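This report concerns only the one structure given below.
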Amino acid sequence: MTATTTATLDPRPVAAAGLSVLDDPAEQTGFTRFSTDAQGRRLGESAFQISGITCAACSGIIESALAGVEGVTSARVSAASQRATIGWDPSRTRPSALVEAIRRAGYDAVPDAAAPAREMRRMEHRKALWRLFVASFCGMQVMMFATPSYVAAPGDLSDDLRQLLNWGSWLVSLPVVVFSAWPFFQSAWRSLRSRSIGMDVPVALGVAVTFVASTGSTFDPQGIFGHEVYFDSLTMFVSFLLAGRYLELRTRHRAANELENALARMPETALRLDDDGRWSEVSVQRLRAGDQLRVALGQAFPADGHSIGSSTRADESLLTGESAPVDKPPGSELVAGSLNVGAPVEMRVERVGADTRYQAIVAMMRDAMTQRPAAARLADRWAVPFLWAVLLLAGGGAVAWSFIDPSRAVWVAVSVLIVTCPCALSLAAPSALVAAAGGLARRGVMLQRMDAMEILAKSRTLFIDKTGTLTDDQLQVSAMHTEPAWEGSPEALQRLAASLAAWSSHPLSVALARTRGEGDVARWSGVQEIPGQGLQGIDEAGVVWRLGSADFAGAVGEAHARVWFSRDGRVLAGFEFDETLRPGALEAVQGLKALGWHITLLSGDTPERAQRMSERLGLDAWIGAATPEDKLDAISRAQADGRRVVMVGDGVNDAPVLARADVSLAMGQGALVSRAQADAVITSNRPAGLLLAHQVAARTVGIVRQNMIWAATYNAACIPLALVGWLPPWAAGLGMALSSLLVVGNALRAAR
């Protein structure tokens, strides 16, 4: 499945013209990807941001609503990130119908593009802040009315005055119940309407029971509810809970803003050279491979391609996680979404829109953010029976206290309903995993499958490809052997050989030419390149020099070097070459071995080269001249021994083993098929990303475990306190809010 270019969709036309604007194919490119299935059907996959989600149960409600729309093939909703990914058949439905279904379910949705998402978050933040302000302000007023009842000595407060204060508390509590607590009632009604129980059902029930009972006590002190009122507990509970959810909302919005700031780099227009030789500004959606563009200083590159004619520097932090700009000499690869921070430059377009690495990153992040990991699904499954147990406990507590002390029966039931809300349990896993995925993305590792994080944290067996993974495609001079016939310094001879090598584009010549350095060299004439043999040139004195194979250079009987350099048939030097390790490869391997990993090198190269690289890195084992079948067999044997296997590769031949491994990682510049099979993609192309991914995964799994233990411990401790009547409703509300906040705050550590 491929991605399309992200476009900015202004929310105002949607409001003015209705949802029909979403059905415009030009607008759909900003939030929809299209693909063709095995039957040849054209299918769309649209990304939306959802507002109104208050708990994990909301995801199931929205997914059920979408499943009822004809033409919808799949629907994934993440409560943690408030995103939805919807698959649909363009011949049977439209994006506007998807949004209509979400709205009928009681929520709202906008395309997952920066402008409408920011506007939706601004409105959501404003409403949440107003609800919190009203609840807090009214709660303070109610507490002022309730204070005399707490501090007055018996007989100091007349019944008429007490009744007047109760009426005032009832009046001030109305805005809290009607306005501030409305999201709880709305979410509970949606759950009940869909014949399920969400997290807000016990909250709404507790608020309603408290308000109804206190209202009955206010207007009929001699009635069945008695004369005690708990408007102060009610308003405090709503305030505490709204404060917790407001801080949680701020956390989600901050994470969304950071992600958008990182991904919203693509310009909307580009300066393109037309056929008539004039430069014109065009939409990036109209760019095609082969176009010549001019990119100004400070502008993002609008497509993948190569620089033309001049050098610059690029900020590729989005792709690599490295903030230091990268030098881009003429002919260098330029990546869409990276910033031009060196100088104005011209580029030749190679890949646009869905084919760019930038859009691949956007697609991976969208997919990851909408996944519901196994730990979260387990918590969701336990939440429903847990809520039923809460309702039974609350009812049982009320019945028991109706015999012990009828005046406290209602408040015990309310305390049980409030304190046991399993929000912390449902937030324990998804909040930590979403935070970890965002943290990895900022450091050049894109997680495509959330469930892989737990396996990666527990794995200790690694199979890793060599070329393109541990090493670059470029070679480097590893050794130089000089012969006695040369009278000068080895450095001068190497510069001379490098100057002749600069006339060739052969990989060995290019590697030698890079060592040229500074200093005077010969001016060559009559340079010839004999295919399969080497280079021949004549210096200023008319002397013939040769650079190439042993037979070509005259190194008869010599075999310890790959390239020889000779003058008039007399060998002067030999050069050995080796692959260039990727930056941080040695440190990454050493870091993993220090953590107890067993690392095996898999390579299609000769056994000698595979062994040399394995010894150079200090690996545990190596397999050379390995075919895809050999690699698959090695991983299968390790899995048969009961080991969890991690595989890192980049080529087409690595796709089968990446699919077979328990966890797989692919390099960002690797083949598309290998990236498609991988659980994560190291977009920075640095092996250090593997060590980082393991460390973050281990820490995240630990944080999820801490959150789960805390949620279970909290409920185990507070339920008995509520049942015996030692936990008033306001304290139950405070405990519930603080519990959820603690879980979310602890989860944020996973992003570090």
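The values are calculated or read from the model by the stated rules, or taken from the named source; none is laboratory data. Note that the structure is a prediction, hence the values are computed from the model and not measured. All Cβ positions, glycine included, derive from the backbone under ideal geometry; neighbour counts span all protein chains shown.
Go through the residues of region 463-478 one by one and say whether even a single one is closer than 17 Å to Arg705 by Cβ and among the aliphatic types (A, V, I, L, M). No, region 463-478 has no match at all. Annotation: of all residues in region 638-654 being touching a Gly at 6+ places or on another chain (Cβ under 8 Å) and modelled with pLDDT under 75, the one that is farthest from Val681 (Cα to Cα) is Asn653. Taking Ile530 as the residue in question, decide whether it is free of Cβ contacts under 8 Å to residues at least 40 places away in the same chain, surrounded by fewer than 23 Cβ atoms within 10 Å (Cβ to Cβ) and β-branched (Val, Ile, Thr). Judged against the criteria, Ile530 is a match. Could you check region 63-115 and list, in sequence order, the residues that are in a helix (DSSP H, G or I) and farther than 21 Å from Arg42 by Cα? Residues satisfying the conditions are Glu63, Ser64, Ala65, Glu100, Ala101, Ile102, Arg103, Arg104, Ala114, Ala115.
Restricting the search to region 50-62, which residues are assigned to a strand (DSSP E or B) and crowded, with 22+ Cβ neighbours inside 10 Å? Listed by number, the list holds a single entry, Ile50.
Quick one: is Ala135 in the same structural domain as Val209 (by TED's automatic domain parsing) and under 29 Å from Asp108 (Cα atoms)? In short, yes. In summary, Asp156 fulfils each of the numbered conditions (1) without any contact (Cβ under 8 Å) to a residue 40 or more places away in the chain; (2) assigned to a helix (DSSP H, G or I) with the single exception of condition (2). Scanning region 402-419 for residues that are crowded, with 24+ Cβ neighbours inside 10 Å and at pLDDT below 80 gives Val410, Trp411, Val414, Ser415, Leu417, Ile418, Val419. Listed conditions (1) surrounded by 20 or more Cβ atoms within 10 Å (Cβ to Cβ); (2) in the same structural domain as Phe565 (by TED's automatic domain parsing); (3) among the polar types (S, T, N, Q) are all met by Ser478, apart from (1). Taken together, Val142, Val212, Val177 contain a single residue that is surrounded by fewer than 18 Cβ atoms within 10 Å (Cβ to Cβ), under 47 Å from the mean Cα position of the chain (by Cα), at negative phi and β-branched (Val, Ile, Thr), which is Val212.
Within 26 Å of Pro656 (Cα to Cα), touching a residue at least 40 places away in the same chain (Cβ under 8 Å) and charged (D, E, K, R), is that true of Glu608? Taking the combined requirement at face value, the residue does not satisfy it. Mind listing whichever residues of region 533-545 are surrounded by 17 or more Cβ atoms within 10 Å (Cβ to Cβ) and either outside the structural domain of Arg567 (by TED's automatic domain parsing) or at positive phi (or both)? Hit for region 533-545 is Gly534, nothing else.
Applying the condition of being modelled with pLDDT under 80 and among the small types (Gly, Ala, Ser) to region 280-309 and asking which residue is nearest to the chain's Cα centre (by Cα) yields Gly298. Among the residues in region 65-75, are any modelled with pLDDT under 80, crowded, with 22+ Cβ neighbours inside 10 Å and not assigned by TED's automatic domain parsing to the domain that holds Val201? No, that holds for no residue.
All conditions in (1) at pLDDT 80 or above; (2) in a helix (DSSP H, G or I) hold for Met480, with the sole exception of (2).
Has region 22-37 got any residue that is in a strand (DSSP E or B), among the polar types (S, T, N, Q), under 30 Å from Arg131 (Cβ atoms) and at pLDDT 70 or above? No, the conditions are met nowhere in region 22-37. Checking every residue in region 149-168 against the condition of being surrounded by fewer than 21 Cβ atoms within 10 Å (Cβ to Cβ), closer than 25 Å to Leu242 by Cα and in contact with a Phe, Trp or Tyr (Cβ under 9 Å, 6 or more places away or on another chain) gives at least one match.
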